[in-house]
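Report on one structure; see the data block that follows.
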């Protein structure tokens, strides 16, 4: 009795041969027309040649998990190249996959990717690194195993049954009070390094708008309409490995918004525009007039915040501060979400509400964000 043929879309044992220029891997592959063909792949190392695998091959129960990872990442990269995924996500997933997932799970067979094994891996990663790293690894593993399910190498995706990754109880959001806002700016204005790094005006801009730090650094002068008193927030700054800093569109349509500015913020922008040497570039540029790195700017804030009084302040606190001011001023959740560029709360509101320019009351509410407290002597007399 002859040897049974390979299943359609599967391949046999991979054989590797060392050559003068690297390694050659060969394998018998049964194509979708039923014919078995010899497929060759080359690589600088044996593992590289093995990992390339037959073009278009399906995964089987005996396939290595690293093959599923390779197929998944290739598809993810293609989506990023088509503009459907963020370049920064490519870098993040690649890093987590190479540093953690491949070393920890890559050599397992697809059928060995059990709920218990994945759960143990993610729990160890959580304890040794961080919950965020474990969550990203979970996304990578789940994506690769979806391909295995598609190829019928697995019946279901085991990641669905893995225990949720909880980061523990989150701290309540903390915003700067009026007194703290004034003290914060006074502290920065008295610090020559902070002034040189534009931290006082950047703080003002983020408190006036509630934008994220990447969004603030992506604003160009062409996005500011001095006459109308608005700023268009359509981009964010990210760093792409091998490319550098780029200005990319915000994550969602909700993130693209035009904000009305309180007068004190508009006055600040007018002053900056008159003084700038880079009138066609970013409102908050680096020393050479180009895009500024959000990560380095966060470090600047950490260096400037001083001792215990403001040790808790991060760039995101300014966003929380703006949201708190708007909430305390009686704006609805819809209006606050529009200001911050958050996801849409309901389809009905999206369909029947114009959202390109945010409600005037948002700018009115932020108008008093930096006003000194007033001493109401008449009220005191009345009480007495």
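The values are calculated or read from the model by the stated rules, or taken from the named source; none is laboratory data. As the structure is a prediction and not an experimental result, all values here were calculated from the model. Please note: Cβ atoms are built from the backbone with ideal geometry, for glycine as well, and neighbour counts cover all protein chains shown.
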Q) Of all helices (runs of 4 or more DSSP H) completely enclosed by the stretch 184-284, which ones contain at least 3 residues that are under 26 Å from residue 336 (Cα atoms) and in contact (Cβ under 8 Å) with a residue 12 or more places away in the chain? A) 199-209, 213-218, 263-275
Q: Scan 160, 174, 99 and give me the residue that is under 28 Å from the mean Cα position of the chain (by Cα), closer than 21 Å to residue 299 by Cβ and at pLDDT below 95.
A: 174
Q) Applying the selection to the stretch 106-128, what residues are surrounded by 15 or more Cβ atoms within 10 Å (Cβ to Cβ) and under 25 Å from the mean Cα position of the chain (by Cα)? A) 118, 119, 121, 122, 125, 126
Q | Restricting the stretch 296-309 to residues that are part of a helix (DSSP H, G or I) and modelled with pLDDT under 90, the residue that is nearest to residue 180 (Cα to Cα) | A | 309
Q.
Being in contact with a strand residue (DSSP E or B) (Cβ under 6 Å, 6 or more places away or on another chain) and surrounded by 14 or more Cβ atoms within 10 Å (Cβ to Cβ) is true for just one of 223, 198, 191. Which residue is that?
A. 223
Q.
Which condition from (1) in contact with a strand residue (DSSP E or B) (Cβ under 8 Å, 6 or more places away or on another chain); (2) at pLDDT 90 or above; (3) crowded, with 16+ Cβ neighbours inside 10 Å; (4) outside any loop (DSSP other than H, G, I, E, B) is the one that residue 292 breaks?
A. (4)
